Amino acid sequence: MGLQQDTVTWFVGVLFLSTLFLCSAEVHHYEFFVRESNFTKLCNTTTLLVVNDSYPGPEIRVRRGDTVFVNVHNQGNYGFTIHWHGVKQPRNPWFDGPEFITQCPIQPGTNFTYEVILSDEIGTLWWHAHSDWTRGSVQGAFIILPAENETYPFPTPDADQTIILQSWYNGDYKQIIDQALATGIPPRQPDAYAINGNLGDTYGCTNDTIFRMQVDYEKMYLLRIINAAMNEQQFFAITNHTLTVVAQDASYVQRFTSDYILISPGQTMDVLVSANQNVGQYYMATRPFSDASAMPPDNITTGIFQYTNSDGGLNASLITLPARDDTNATNSFISRIRNTNVTQNPPLNVPTGIDRRVFITIATNTVPCNTSQCLLPNRFVASLNNVSFVFPRIDILQAYYNSTGGVFTEDFPLNPPVFYDFTGNLTGFNTRAELGTRAVVLNYGEAVEIVLQATQLGGGGSHPIHLHGFSFYRVGSGSGNFNNETDPSTYNLVDPPLINTIHVPGKGWAALRFFANNPGIVAGEWTLFSL
């Protein structure tokens, strides 16, 4: 999300497509009251904008194919929107939620009711605010259970538990990003990480709470893990227990076991764990991963996987997680995620004959800093193909359907303006970016391939990229600069995972494919440095 604004919208398509609906759906209603509340962590009291006075916010729990109405009451001090991360919203783009893309912000003292239409999503998704850094505290789980008479494609768990990984800042999230925008320098790093709003026992404040998950011996549990951190990819593990990955981004994958997972901001992962060890208390733990030049704090945050009737203490030395910069552990884990041929998943339909190819470079560039608070002549902005997004005066969806001119242009570059050694030494390279509200317009039914290329401009490092309104196939990734003659031969077109957020490796590239089969205005985004 960069310093131009929190979100860099890099892909906006106007599509006219078919939809999928499931029968026997139910309708659910939720009330969200969004206001400032005080929270004390790290022996410091911070005011956060939250939903229903909770951090994280309330969980939405429904079934596949249901429809959800959420009435959002803005009782705070500034406008925001809510995005239903990973929900495709077929023929319903007006309620997707990205600020100034599909709607204008919900103003203080007003309310707005979202209609969230579920189609083929299954498993774990999440919801979050979509304005500046409000998503850092306005967030919660969106759980989609199997439809009535539908089974899991794995042994039915005895229970499930949502685990949300978060960034914690001592300070108001909006003030942090506002200061960064005004001064032109990157926002500061988090003070800690959290598990379900708890900082654990590693930060030295005796008042900090630790998340406890109580389990029964020989029972099987489904962990619904969400990375809601602002920028940090996270390793996660439970001491002495094996994790079995069964789904990612609300789509089932081929089951595999691992001692840890790697999950990027915006991603979700469903993991089975069996309580089959000696009765006791075991640490669950998370720490960041980064391959950028600006490393996040190497803090380990703990929770407790606690057997019923267990005694004894815990030993922090027993925590085993990959190192903060372990790219081998990251790449090894990601390479194991593959689509599975089960009836609960949509039929595999990987585009082969491509109608539209887009090659996008990810960078942190600069533009002149003209405010009185500027600390440097230039300020940092996130960019894609050297374009940093500028929020329009009205939302793009409204402008398109009302034929309002001057709001956006249809000339987002399909290739970077200059080809260079993206992953090499860029000392002295021109870092200036253009500002604009620019879109790619797709035709109905087009088969689209997007190659995302990380660059060494700015902080460099890995980037998670999320696409609104679609799940897509991750067909390939690699190191170095993408070669359009040789690298496509390495694509996995047999069983690529169907996801909504992709990990673009630092000094590398990732390729995704999808069919343009969902009408509306589609936003894609990343955050500065890590997303």
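Could you tell me the calculated FRET efficiency between S258 and E150, based on Cβ-Cβ distance and R0 = 35 angstrom, to the nearest 0.05?
0.85
Would you mind putting 113-123, 346-356, 205-215 in packing order, based on average other-beta-carbon counts within 10 Å, highest first?
So the order, starting with the most tightly packed, is 113-123, 205-215, 346-356.
Once the Cβ-Cβ distance between Y78 and Y444 is put in as r, and R0 is 41 Å, what FRET efficiency do you end up with, to the nearest 0.05?
Efficiency, rounded to the nearest 0.05: 0.60.
Using unit Cβ charges (K, R positive; D, E negative) and no other charged atoms, how large, in debye to the nearest 20, is the dipole of the chain about its Cα centre?
540
Let a ≥ b ≥ c be the square roots of the eigenvalues of the Cα gyration tensor of the stretch 274-352; is it rounded (a/c under 1.5), or, if not, prolate (a/b larger than b/c) or oblate?
Oblate.
At a temperature of 25 °C and a viscosity of 0.890 mPa s, determine how fast the stretch 356-526 diffuses translationally according to Stokes-Einstein, using the Kirkwood radius over alpha-carbon pairs as Rh; express D in µm²/s, rounded to the nearest whole number.
142
Got a number for carbon plus sulfur as a percent of the stretch 331-393's accessible area, 1.4 Å probe?
Solvent-exposed carbon and sulfur of the stretch 331-393 make up 48 percent of the total.
Taking only protein heavy atoms and a 1.4 Å probe, what accessible area per residue, in Å², does the stretch 356-526 have with all protein chains in place?
With the other protein chains kept in place, the stretch 356-526 gives 38 Å² per residue.
For the stretch 356-526, what proportion of DSSP beta bridges, expressed in % and rounded to the nearest 5, is antiparallel?
70
Given +1 on the Cβ of Lys and Arg, -1 on the Cβ of Asp and Glu, and no further charges, what dipole in debye does the stretch 111-176 carry about its Cα centre, rounded to the nearest 20?
That gives the stretch 111-176 a dipole magnitude of about 400 debye.
Roughly speaking, what is the stretch gain from E36 to F419, that is 0.36 nm per residue apart minus the C-alpha to C-alpha distance, in nm to one decimal?
Length gained, E36 through F419: 133.2 nm.
Kindly provide the Kirkwood hydrodynamic radius of the stretch 228-380 in Å, to one decimal, from all pairs of distinct alpha carbon atoms.
The answer is 18.9 Å.
Kindly identify the stretch 327-448 as rounded, prolate or oblate by the Cα gyration tensor criterion: order the square roots of the eigenvalues as a ≥ b ≥ c, call it rounded if a/c is under 1.5, otherwise compare a/b with b/c, prolate if a/b is larger, else oblate.
Oblate.
Could you sort the peptides 29-39, 130-140, 56-66 by per-residue average Cβ neighbour count (10 Å cutoff), highest mean leading?
130-140, 56-66, 29-39
What is the calculated FRET efficiency for R432 to N278, with r their C-beta to C-beta distance and R₀ = 45 Å, to the nearest 0.05?
After rounding to 0.05, the efficiency reads 0.15.
Relative contact order for the chain: what is it in percent, counting Cα pairs under 8 Å that are at least 6 residues apart?
Computed over the chain, the figure is 19 percent.
With contacts defined as alpha carbon pairs under 8 Å and 6 or more residues apart, what's the relative contact order of the stretch 356-526 in percent?
Over the stretch 356-526, the number comes to 26 percent.
Output the Kirkwood hydrodynamic radius of the stretch 49-197, Cα pairs only, in Å rounded to one decimal.
About 16.8 Å for the stretch 49-197.
Find the Rg to Rh ratio for the chain, where Rh is the Kirkwood radius over alpha-carbon pairs and Rg uses the same atoms.
0.94
Based on the mean of other Cβ atoms within 10 Å per residue, sort peptides 477-485, 454-462 so the most packed one is first.
With the highest mean Cβ count within 10 Å placed first, the list reads 454-462, 477-485.
Give the distance, in whole Å, between the Cα centre of the stretch 165-220 and the Cα centre of the stretch 416-465.
30
Restricting everything to alpha-carbon atoms, can you work out Rg to Rh for the stretch 146-203 with a Kirkwood hydrodynamic radius?
1.27
Projecting each Cα onto the charge dipole of the stretch 360-453 (Lys/Arg +1, Asp/Glu -1 at the beta carbon, about the Cα centre), which of G445, N430, I396 comes out farthest on the positive side?
The residue sitting farthest along the positive end of the dipole is N430.
Suppose we keep just the DSSP beta bridges with both residues in the chain; what percent of those would be antiparallel, to 5?
70
The values are calculated or read from the model by the stated rules, or taken from the named source; none is laboratory data. Everything numeric here is computed off the predicted structure, so don't read it as measured data. Backbone-built Cβ (ideal geometry, glycine too); neighbour counts: all protein chains shown. Just the protein is used for accessible areas: all its heavy atoms, side chains included, with ligands, DNA and RNA removed. Shrake-Rupley method; radii C 1.70, N 1.55, O 1.52, S 1.80 Å.
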